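Enquirer: Starting off with a structure, shown below.
Read the figures in this text as sums done on the coordinates, not as results from a lab. Here the structure is a predicted model, which is why all the values come from computation and not from measurement. Here the Cβ positions follow ideal geometry from the backbone for every residue, glycine too, while neighbour counts run over all protein chains shown.
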Amino acid sequence: MKIGHIVCFIFSVIGLLALVAYFFPQEGVALGGMQLRFPTLAEVLQAEEEEIPADTIPEDTLTTEELMQLRMDALKAEKESEFLTYCRTNPARIYMPGDSIGYLDPFFDALEAARKHPMRILHYGDSQLEGDRITSVLREAFQGKFGGSGVGMIPLIQTVPTYTLSQTAEPSDLARHLVYGPKTMRLEGNLYGPMGQTTTVDGTASFSFTTRMRDTYPNASRFSRVTLLAGDSVKACVVAGTDTLEMDEAQGSENLYFYTARLGSRSTVSLTVSGQADLYGILLDGADGVSVDNIPMRGCSGTVFTSIGQSTLTPFFRRGNVRLVILQYGGNSVPYLKDDRDIAGYMNGLKRQISYLKKLLPEACFLFIGPSDMSTSIEGEMQTYPVLPQTVEALKRMAGESGIAYWDLYAAMGGRNSMMKWVDSHLAGPDYVHFTPKGARHVGNILYETLEFYHKFYRFRTGKDRLKLNADSTALVVEETDTLHTHSDDSI
């Protein structure tokens, strides 16, 4: 067919359609139950105009600076989405009370000011904390980034040796009392001190402390301030090298006295105490930065804090500027929880403890860490305790209802039946409950990395990090600030 015939055919069809459109009634034609309608001539001939969104601006009308800002805004939104996705979906995420992403912001504020205003982190827990295994990882990381030194608060007699400190006591048979553990070790009254224990001196006693594993824990291995906590007035002095210093006394309350000596940087010190008093602990700290206290309570489920009197807790909390309290409990209760009623009773007990501590520490943040996976023999096979997942979910709700954060260690290590894999990898022991030293360090690293992730998000949200585009404008990079590296010799 010739080109001319094709062109004539096309125009003939267009003309026929135009005639139909012209003469076809605009209201259409009724046919049975339907209404037939044909486009009007105006609709056929009118070209559809493409709509441009009101907020879209052609790039060729923008300056280079405006284009860069658009790119920056898009990447910021993308980065925020990445943060939020982690906070909502990652197994190692922290569950914030009321989904408040900024719950830990006051803690992060205190961390970044720690070189000028020293602050403390208290890590309470059960036997998983013994040996200073998990806490030592947190301490070294926080002190390395935000300043601080020393192992923090320790008991005068340490029955389970730690990786970070070697200590002795003379006489070796000094009486001890505990708010947890065997009932035969209870103290009349409730003046246990912030570690939930006492060592009683009646006469003269000597103690020595020497840091260990200095290559692994360089920050914790040095300290420059020694503080003794006592329930009554005593005479106390320290020997550091060839120097003997009498410790300064300050009374925090009727039942709590502080004895302090400031030294040069030390890794070993001896203490002599004369008098009659219950000693609550000794603090080996730096002059500034972060102190992190390891407080294990073997066999404890975390329901003992209301048995420790306010007169010893409050002045210590206030003087130490405690800004984060970590409560790591639940594992000792799991084998004994049989049904919903048992679980509810345990949750109510924990709520009372948290309410009590929050009343004494209104400015502190709280993080509850639930139990790890734990295995028991079921029909000859090691499996997760049947009640454990239900208990973990109840603990999450309890923490939220108490207005504190929750970290799900059970999920972070892999969830149901993950303990068997940890045992096979030598991260947990043959009891299928406790971590090995390697496993404890792994848990400590996961916890610190999780907290550090939320700290980075905090700096992103608050604009403390200076963000800029990389050379090819494809990604955001963080420009280092000196906010975290300003040293100060100020001390409390």
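Enquirer: How big is the charge dipole of the range 149-287 about its Cα centre, in debye rounded to the nearest 20, if each Lys and Arg gets +1 on its Cβ and each Asp and Glu gets -1 on its Cβ?
Expert: Numbers: 10 positive and 13 negative charges, 105 e Å.
Here the size comes out at about 500 debye.
Enquirer: My understanding is that a pair violates if its Cα-Cα distance is over 30 Å; which of K358/K438; K79/K145; K116/K351; K116/K464; K79/K351; K438/K464 do that in this structure? Let's see the in-between values first.
Expert: On the way: K358/K438 33 Å; K79/K145 24 Å; K116/K351 34 Å; K116/K464 18 Å; K79/K351 36 Å; K438/K464 35 Å.
Result: K358/K438; K116/K351; K79/K351; K438/K464 exceed 30 Å.
Enquirer: Charges on Cβ only, +1 for Lys and Arg, -1 for Asp and Glu, centred on the Cα centroid of the range 70-173; of G98, I154, L129, which one is farthest towards the dipole's positive end?
Expert: G98
Enquirer: Go through the range 401-413 residue by residue and turn each phi into a ³J(HN,Hα) via Karplus (6.51, -1.76, 1.60, θ = phi - 60°); whole Hz please, and just put x for glycine and proline.
Expert: Values per residue, Gly and Pro as x: 5, 8, x, 10, 7, 9, 10, 8, 5, 4, 6, 4, 8 Hz.
Enquirer: Where does the charge balance sit around K235 when Lys and Arg score +1, Asp and Glu -1, over other residues with C-beta under 13 Å from its C-beta?
Expert: On the way: positive: none; negative: D232, E246, D248, E249.
For residues surrounding K235, the net value is -4.
Enquirer: Next question, about the same structure. Farthest toward the dipole's positive end in the range 149-287, which of A240, P171, N219, given Cβ charges of +1 (Lys, Arg) and -1 (Asp, Glu) about the Cα centre?
Expert: Checking the options against the dipole of the range 149-287, the answer is N219.
Enquirer: May I ask for the net charge around P296, where only other residues with Cβ less than 12 Å from the Cβ of P296 are counted and Lys, Arg are +1 while Asp, Glu are -1?
Expert: Numbers: positive: R133, R298; negative: D126, E130, D132, D293.
Value of the local net charge: -2.
Enquirer: Counting only C-alpha contacts under 8 Å and six or more residues apart, can you give the relative contact order of the range 149-287 as a whole percent? Mind showing how you got there, number by number?
Expert: Numbers: 338 pairs, mean separation 47.7, N = 139.
Relative contact order for the range 149-287 comes out at 34 percent.
Enquirer: Tell me the label-point distance for the pair E254, D73, using the 7 Å Cα-to-Cβ offset, in nm and rounded to one decimal.
Expert: 6.4 nm
Enquirer: Using label points projected 7 Å from each Cα along Cα→Cβ, tell me how many nm separate I378 and T85, to one decimal.
Expert: Placing both labels 7 Å beyond Cα along the Cβ direction yields 3.4 nm.
Enquirer: Neighbour counts of other C-beta atoms within 10 Å: give me S149, S100 arranged from fewest to most.
Expert: Values: S149 26, S100 11.
Starting with the residue having the fewest Cβ neighbours, the order is S100, S149.
Enquirer: Follow-up. The range 121-167: which chymotrypsin sites (Phe, Trp or Tyr not before Pro) are DSSP loop and have at most 16 other beta-carbon atoms within 10 angstrom?
Expert: Working: sites: Y124, F142, F146, Y163; in loops: Y163.
Those that pass, being in a loop and sparsely packed, number zero.
Enquirer: Taking the Cβ of each residue in R176, R133 as the centre, tally the other Cβ atoms inside 10 Å and list the residues starting with the fewest. Display every interim value, and only then the final one.
Expert: Working: R176 17, R133 24.
Placing the least packed residue first, the sequence is R176, R133.
Enquirer: Pop out the ³J(HN,Hα) list for the range 348-363 in order, Karplus 6.51 cos²θ - 1.76 cosθ + 1.60 with θ = phi - 60°, rounded to Hz; leave Gly and Pro as x.
Expert: Running phi through 6.51 cos²θ - 1.76 cosθ + 1.60 with θ = phi - 60° gives 4, x, 5, 4, 5, 5, 5, 4, 5, 5, 5, 5, 7, 10, x, 9 Hz.
Enquirer: Still on this structure: Contour minus end-to-end for S208 and S307, with contour as 0.36 nm per residue of separation and end-to-end as the Cα-Cα distance?
Expert: The S208-S307 span can extend by a further 32.7 nm.
Enquirer: What value in Å³ per residue do you get for the convex hull of the alpha-carbon atoms in the range 149-287? Kindly include the intermediate steps, with their values, before the conclusion.
Expert: Values: hull volume 14.5 nm³, N = 139.
So the per-residue Cα hull volume is 104 Å³.
Enquirer: Let me ask another. Please report the net charge: other residues with Cβ closer than 12 Å to the Cβ of P106, K and R +1, D and E -1. Don't jump to the answer; show the numbers that get you there.
Expert: Values: positive: R323; negative: D105, D109, E112, E363.
Residues close to P106 contribute a combined charge of -3.
Enquirer: Between E401 and R318, 0.36 nm times their residue separation minus their Cα-Cα distance comes to what? Each step should come with its number before you reach the end.
Expert: Working: separation 83, 0.36 × 83 = 29.88 nm, distance 2.56 nm.
27.3 nm is the gain from fully extending E401 to R318.
Enquirer: If you don't mind, another one. How high is the FRET efficiency from R186 to S233, r the C-beta distance, R0 35 Å, rounded to 0.05?
Expert: On the way: r = 25 Å, r/R0 = 0.70.
The computed FRET efficiency comes out at 0.90.
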